[in-house]
1. Using Cβ contacts closer than 10 Å as the measure, can you line up 27, 170 from fewest to most?
2. Could you work out the relative contact order of the chain, using alpha carbon pairs under 8 angstrom and six or more residues apart, expressed as a whole percent?
3. Can you divide the C-alpha Rg of the chain by 2.2 N^0.38 Å and report the result to two decimal places?
4. So for each of 83-94, 191-202 I average, over its residues, the number of other beta carbons within 10 Å; can you give me the resulting order with the highest mean first?
5. Take every Cα pair under 8 Å in segment 141-192 that's 6+ residues apart, average their separations, divide by the length, and report that relative contact order as a whole percent.
6. When the helix-only estimate is applied to the chain (DSSP H runs of n ≥ 4, each -39,500 (n - 2.57), divided by the residue count), what is the mean residue ellipticity at 222 nm, nearest 500 deg cm²/dmol?
7. How would you classify segment 1-71 from its alpha-carbon gyration tensor, with a ≥ b ≥ c the square roots of the eigenvalues: rounded for a/c under 1.5, else prolate if a/b is greater than b/c, otherwise oblate?
8. Is segment 149-258 best put as rounded, prolate or oblate by its Cα gyration tensor, with a ≥ b ≥ c the root eigenvalues, rounded for a/c under 1.5, and otherwise prolate when a/b is larger than b/c, oblate when not?
């Protein structure tokens, strides 16, 4: 588990506009129904983000994050993973996510992600779209960059790199197939993701020539992007700044491309 129920995303350095959020139930192409949360700014910037949560699925941290992104001018939709096995109801801290996580498959996740992306574009417009994931979701976010989802870029916080999730391939397995820009943000003291794995990811992306930025924050643990981690306020602020810059830079490039 990446974040518990008390975790909250750090505040951005700038909050520019009012935003409104709502719970949704989405339907994938195979008929699966799953929960999501969409946040819309009153003044949008022309890009949008699909948030891929950690192993607990959709919970309050990611709803709060969607609202903060919307307040920064970026519409955001956070999706759940477990509609097929756990239904669409709200879940508390007693939710045993592990059996559901073990049943995840890339094909069914992909169907849900396509629905989330389509909903984002239906609600917010046909704008450059990014995925933003954390831990397991970080792995899915980076791996989505190797799929046919029409993404402009992918962002992963402490993405699992060498661990297969639910029988799927690892992120390093798929790294050389990624075709869109990548932003990877990692903690140097993350005991679950050795820096050697992060360096291997960087080398794979170097080899393929895909544009990428891989950042390791010295001394930062897994899940450092949490306003409770006051010792890592600077790392969180820098991560937010890099994320916003990544989205703005590649949105502009996408719009201006012939």
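Computed from the coordinates by the stated procedures, all read-outs in this text should not be read as laboratory data. What you see is a predicted model, and the numbers here were worked out from it, not measured in a lab. Reconstructed Cβ throughout: ideal geometry from the backbone, glycine too, with neighbour counts over all protein chains shown.
1. Ranked by crowding around the Cβ, least crowded first: 27, 170.
2. 18
3. With N residues counted in the chain, Rg over 2.2 N^0.38 Å equals 0.92.
4. 191-202, 83-94
5. 45
6. After summing the helix terms and dividing by the residues of the chain, the value is -11000 deg cm²/dmol.
7. oblate
8. Cα axes put segment 149-258 in the oblate bin.
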